[in-house]
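One structure below.
The values are calculated or read from the model by the stated rules, or taken from the named source; none is laboratory data. What you are looking at is a predicted structure, and each value in this text was computed from that prediction instead of being measured. Every residue, glycine among them, receives a Cβ derived from its backbone with ideal geometry; neighbour counts consider all protein chains shown.
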There are 2 protein chains.
Amino acid sequence: MPLLDFRTLAAAYFLVGPELSHADPVVPILIASIFITLGAALGGLLMKWLKQPAVLGELLVGLAAGNLGYYFGDATLTVLREGDNLSRIASLALTGPYNLSEATLQVLPPSPHTDLLAKLLSGPQGQTYMSVYAFIDVISRLAILVLLFLVGLEISLVEMKRVGKYASYVAILGIVLPMILGMAVMKLLHPGSPLAADLFIGGILTATSVGITARVLRDLGRDTTEEARIILGAAVIDDVLCLIVLAVVSGLAVTGKISLASIAITTGKAALFLVASLGVGVWLTPKIVRRLASAGVHNLKLLFGVSFALLLAWLANVAELATIVGAFAAGMVLNSFFDKEVGGTSLHELLTPIESLVVPLFFVWMGIQVKLETMASKDVIIAGLALTLVAIVGKVAAGWGCPPTMNRLAVGFGMMPRGEVGLIFAGIGKAVGVVNEGLFSAVVLLVMVTTVLAPVLLRATLGANPQAHPRSGSVA
Amino acid sequence: MPLLDFRTLAAAYFLVGPELSHADPVVPILIASIFITLGAALGGLLMKWLKQPAVLGELLVGLAAGNLGYYFGDATLTVLREGDNLSRIASLALTGPYNLSEATLQVLPPSPHTDLLAKLLSGPQGQTYMSVYAFIDVISRLAILVLLFLVGLEISLVEMKRVGKYASYVAILGIVLPMILGMAVMKLLHPGSPLAADLFIGGILTATSVGITARVLRDLGRDTTEEARIILGAAVIDDVLCLIVLAVVSGLAVTGKISLASIAITTGKAALFLVASLGVGVWLTPKIVRRLASAGVHNLKLLFGVSFALLLAWLANVAELATIVGAFAAGMVLNSFFDKEVGGTSLHELLTPIESLVVPLFFVWMGIQVKLETMASKDVIIAGLALTLVAIVGKVAAGWGCPPTMNRLAVGFGMMPRGEVGLIFAGIGKAVGVVNEGLFSAVVLLVMVTTVLAPVLLRATLGANPQAHPRSGSVA
């Protein structure tokens with residue numbers, strides 16, 4: 001028997017594959033998680049020195065990593081920053097007669113970059129990229145639900161009702177003003193563009209993505225102020241109104257008509273969800289919780305809290321609202337009674353470690369997906385900056401829906417970030433053919449600038465609360 | 001302009017697709033998570049009445065859900081319980097010219113069940129099943145790392161060294177006895193089987209999957225006892241030895257020779273990892289932590305702790321050891337100094353909410369993947385029960401490696417579960433052609449019985465610690 005037979009080993013290895021070494025498929029995900037977590041910590045530490053909210057650092061670290069990684073040809077980052085495109089590619093590869101590489105060429109427009117992606121995805125790491133992408137994407141979507149649930153937990157329905165009137169003013173102004181300003185910009189820059197395109201761009205500007213604001217308010221210890229309640233209330237109303245605007249403008253773009261039926265259905269569903277979750281929730285949930293508590297379910301607080309948040313997120317989505325609206329509503333419903341009915345550590349404290357691990361990941365991931373190279377064109381930059389300007393002015397002016405005793409500027413800045421809602425809206429515009437590549441990139445610029453400016457401007461107008469200990473973020 | 005134009009709406013819907021309603025791809029995952037979490041809570045509650053560890057209830061709820069769901073034709077459960085097969089199918093669909101349905105027919109043996117799966121995976125929910133599977137699978141793999149990290153955090157290296165001698169005895173006996181007994185059973189049941197097959201079956205019986213035992217010890221509040229340390233130390237040694245056995249028997253099965261080179265490489269890598277992680281870790285980690293603490297990184301405890309656990313899990317896998325060995329080693333390294341160096345809430349308390357959300361999911365998921373129908377044959381049941389018997393006797397007898405003052409029976413029962421390690425071993429045997437379908441099903445039976453019996457037998461021999469508050473599990 002030969003003592004050193006490498007060929008035997010190689011043959012065994014080849015035959016039984018990677019399973020011989022019980023190679024764990026979770027390992028690439030571990031590596032990605034370590035890097036993102038450390039990146040988030042670094043960004044947070046940087047912002048601590050600059051006295052800015054941690055979330056800004058996370059966005060910037062992600063942005064730098066994604067773009068530098070791409071610039072220097074790092075394969076992993078080049079693939080991962082494609083974000084949603086990856087899920088479209090995987091979807092086609094799974095349902096059609098294509099492998100990942102062929103699917104890439106089908107999904108993306110022909111370009112050297114597309115060829116590079118196709119090559120990388122057909123390489124030995126192709127599937128690993130996909131599994132890392134899928135996991136980080138889901139975790140960051142769950143993270144934003146956790147964040148909005150926690151924000152909701154700090155706000156009672158009673159307090160919310162008190163500011164309801166002003167929140168509605170802010171929301172309505174924040175829809176009407178950006179819409180008008182956006183259409184005006186389009187008329188100036190592209191005088192010949194069809195009405196549907198102008199309406200679409202105006203519609204994109206009506207969106208409010210409250211995730212970043214919610215996070216900044218928590219970073220600064222300001223999430224229980226009147227201003228915070230107005231911003232969050234207005235954001236929920238904005239989500240409903242924005243949905244109606246979307247139904248109108250996309251109907252108009254597709255058919256040239258306005259369908260009152262679709263408006264009625266959209267509004268009805270959203271109203272039904274809000275009435276059912278808040279109205280019935282406040283009445284029914286305490287009864288269920290009391291019964292479960294008396295049945296002696298031990299880890300009840302965390303289990304029920306999280307399940308309830310996920311449940312309402314799901315139902316909100318059934319009503320065509322954003323899942324974060326559901327998670328936020330769940331928090332508000334539980335706010336008034338949950339910690340009183342169920343003893344022990346507060347739900348808030350139980351969720352804080354989970355929040356501080358996963359929420360920074362969302363913002364780093366958001367930063368990674370920003371492609372600066374799509375903005376390298378004069379037309380895009382001009383259109384983008386003009387739209388950004390009116391996007392900021394429109395929402396900041398909406399802050400004047402508040403009474404003068406409040407910090408109107410802070411409310412306006414809080415409503416400013418467009419985030420993923422604006423991108424979804426623009427994506428639909430691209431799909432129905434009224435938003436071209438250049439306008440889409442301009443919208444990306446607008447989303448990026450409003451998102452990155454919001455933490456800085458909110459910090460400047462609100463200031464950090466010296467009493468409150470920052471609860472969110474990797475580094476505070 | 002018509003007031004109610006449903007066709008307009010339908011056209012818009014058709015054109016812009018599901019994105020119109022910002023349908024969140026995370027929703028199916030929310031639904032699955034809610035169901036699994038509630039199932040885990042139910043199982044835990046049941047075990048509370050029966051005074052058994054919660055983990056047993058989680059396994060049984062998963063087992064019942066998976067098998068009943070399959071029996072009554074529930075599409076989601078029928079697909080999800082395929083477990084690893086799904087990742088093989090997805091992998092082929094992504095890399096080859098197949099869609100999910102064609103890939104299913106390629107990967108699985110022809111049968112009506114395969115046809116059903118192919119149909120379900122080509123249906124509208126095909127991709128949803130895949131994304132739910134991928135997420136739950138990754139989360140449960142991460143969960144088991146969290147569990148073993150927490151167990152490691154309770155055990156200091158000094159204490160571990162004190163029991164090192166006995167742990168080695170238990171590990172070696174636990175390899176030798178099941179190997180001999182397994183080969184004897186094979187000679188009795190299949191007198192004509194080749195030596196390689198007998199060795200493989202013997203090898204499968206040498207595996208120890210410590211996840212379930214670690215969880216039961218935590219459920220019972222017994223994870224800081226001498227017996228716990230011996231079991232965990234022996235399990236680490238067992239992982240190394242089992243790897244060597246696997247290298248030997250798979251080399252023998254493939255080439256008919258024993259490759260000393262592969263044995264040397266395998267042993268060297270494992271030894272290098274253990275020396276580096278434990279030796280260097282204990283010396284270097286405190287210095288790094290002290291420096292980071294003085295740099296004012298805030299959420300340091302959770303961030304560093306989790307990153308360190310993930311890092312060692314990754315390195316363990318590089319050394320071809322199980323990732324859980326790495327997570328466990330990380331816990332032991334941090335045990336002696338971490339909470340002393342870094343103030344605030346202990347790492348243990350910070351991780352407990354995360355543990356109680358994700359760990360039960362692992363065990364429910366494990367239960368869901370047990371296919372009772374593969375055991376519905378007389379031969380399988382006879383072989384399975386005979387192997388189960390010697391698997392139990394072999395490991396229980398290994399408990400006599402401890403001094404008589406200890407609870408030898410409990411140590412033996414703790415080493416008993418084979419879990420996924422046994423299945424990986426058997427899967428390789430199937431891949432190299434020495435383990436046939438019948439024997440594979442017998443191994444599944446053996447894994448199932450040893451895994452489900454362990455909590456009951458450990459509870460009976462150790463008893464619950466009335467002082468300790470159960471820290472793990474959805475319902476305690």
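Here are the criteria: (1) out of contact with any Asp or Glu (no Cβ under 6 Å at 6 or more places or on another chain); (2) away from chain A (no Cβ under 12 Å). Tell me which single one B:Ser307 does not satisfy.
(2)
Just checking, does the range B:52-69 include any residue being touching a residue at least 24 places away in the same chain (Cβ under 8 Å) and within 30 Å of A:Glu102 (Cα to Cα)?
no
Only residues in the range A:184-206 that are free of Cβ contacts under 8 Å to residues at least 24 places away in the same chain count as the first member; pair them with residues that are among the acidic types (Asp, Glu), Cβ under 7 angstrom, at least 6 apart or cross-chain, and list the lot.
A:Met186/A:Asp198; A:Lys187/A:Asp198
Being in contact with a Ser or Thr (Cβ under 6 Å, 6 or more places away or on another chain) and more than 21 Å from A:Gly152 (Cβ to Cβ) is the requirement here; does A:Arg418 meet it?
Working: in contact with a Ser or Thr (Cβ under 6 Å, 6 or more places away or on another chain): yes; more than 21 Å from A:Gly152 (Cβ to Cβ): yes.
Yes.
Just checking, does the range A:63-71 include any residue being within 13 Å of chain B (Cβ to nearest Cβ), crowded, with 22+ Cβ neighbours inside 10 Å, under 21 Å from the mean Cα position of the chain (by Cα) and part of a helix (DSSP H, G or I)?
Step one: of the range A:63-71, the residues within 13 Å of chain B (Cβ to nearest Cβ) are none.
No, the conditions are met nowhere in the range A:63-71.
Limited to the range B:72-97, what total is found for residues that are assigned to a loop (DSSP other than H, G, I, E, B), more than 14 Å from chain A (Cβ to nearest Cβ) and either within 22 Å of the chain's Cα centre (by Cα) or under 16 Å from B:Leu121 (Cα atoms) (or both)?
Filtering the range B:72-97 for residues assigned to a loop (DSSP other than H, G, I, E, B) gives B:72-74, B:81-83, B:96-97.
Pick out the ones that are also more than 14 Å from chain A (Cβ to nearest Cβ) and you get B:72-74, B:81-82.
In the following step, the residues that additionally are either within 22 Å of the chain's Cα centre (by Cα) or under 16 Å from B:Leu121 (Cα atoms) (or both) were identified as B:73-74, B:81-82.
Residues that pass the stated criteria total 4.
Inside the range A:254-345, counting only helices (runs of 4 or more DSSP H) that do not spill past its ends, which hold 1 or more residues that are among the basic types (Lys, Arg)?
On the way: elements: A:260-274, A:281-294, A:300-318, A:323-335, A:338-341.
The helices (runs of 4 or more DSSP H) meeting that bar are A:260-274, A:281-294, A:300-318, A:338-341.
Tell me whether the range B:318-341 contains one or more residues that are more than 10 Å from every other protein chain (Cβ to nearest Cβ), among the small types (Gly, Ala, Ser) and free of Cβ contacts under 8 Å to residues at least 24 places away in the same chain.
No: the range B:318-341 contains no residue that is more than 10 Å from every other protein chain (Cβ to nearest Cβ), among the small types (Gly, Ala, Ser) and free of Cβ contacts under 8 Å to residues at least 24 places away in the same chain.
Would you confirm whether any residue within the range A:257-272 is modelled with pLDDT under 90, surrounded by 15 or more Cβ atoms within 10 Å (Cβ to Cβ) and closer than 24 Å to A:Val146 by Cβ?
yes
Testing A:Thr213 on (1) more than 19 Å from A:Ala410 (Cα to Cα); (2) at pLDDT below 90; (3) part of a helix (DSSP H, G or I); (4) not aliphatic (A, V, I, L, M), one condition comes back false. Which one is that?
(1)
Tell me, which residue of the range A:101-123 that is over 15 Å from B:Pro97 (Cβ atoms) and hydroxyl-bearing (Ser, Thr, Tyr) is surrounded by the fewest Cβ atoms within 10 Å (Cβ to Cβ)?
Within the range A:101-123, the subset over 15 Å from B:Pro97 (Cβ atoms) is A:107-117, A:119-120, A:123.
Among the residues that remain, those that are also hydroxyl-bearing (Ser, Thr, Tyr) are: A:111, A:114.
Numbers: A:Ser111: 9, A:Thr114: 16.
It comes out as A:Ser111.
Looking at the range A:225-247, is at least one residue of a type in the set (Ser, Thr, Tyr) and either assigned to a helix (DSSP H, G or I) or within 15 Å of A:Leu148 (Cβ to Cβ) (or both)? Explain how you work it out, then say what you get.
Here is the first cut: in the range A:225-247, the residues of a type in the set (Ser, Thr, Tyr) are A:225.
Next cut, either assigned to a helix (DSSP H, G or I) or within 15 Å of A:Leu148 (Cβ to Cβ) (or both) only: none.
No, the range A:225-247 contains no residue that is of a type in the set (Ser, Thr, Tyr) and either assigned to a helix (DSSP H, G or I) or within 15 Å of A:Leu148 (Cβ to Cβ) (or both).
Any residue at all in the range A:316-330 that's out of contact with any helix residue (DSSP H, G or I) (no Cβ under 6 Å at 6 or more places or on another chain) and modelled with pLDDT of 85 or more? Lay out the reasoning, then the answer.
Within the range A:316-330, the subset out of contact with any helix residue (DSSP H, G or I) (no Cβ under 6 Å at 6 or more places or on another chain) is A:318.
This time we only want the ones that are modelled with pLDDT of 85 or more, so: A:318.
There is at least one residue in the range A:316-330 that is out of contact with any helix residue (DSSP H, G or I) (no Cβ under 6 Å at 6 or more places or on another chain) and modelled with pLDDT of 85 or more.
With the requirement that a residue be in a helix (DSSP H, G or I) and free of Cβ contacts under 8 Å to residues at least 12 places away in the same chain, what does the range A:98-126 give you?
A:Pro112, A:His113, A:Thr114, A:Asp115
Which residues, taken from the range A:416-464, are farther than 17 Å from A:Ile381 by Cα, buried (at least 24 other Cβ atoms within 10 Å of the Cβ) and away from chain B (no Cβ under 14 Å)?
A:Met416, A:Pro417, A:Ala454, A:Pro455, A:Leu458
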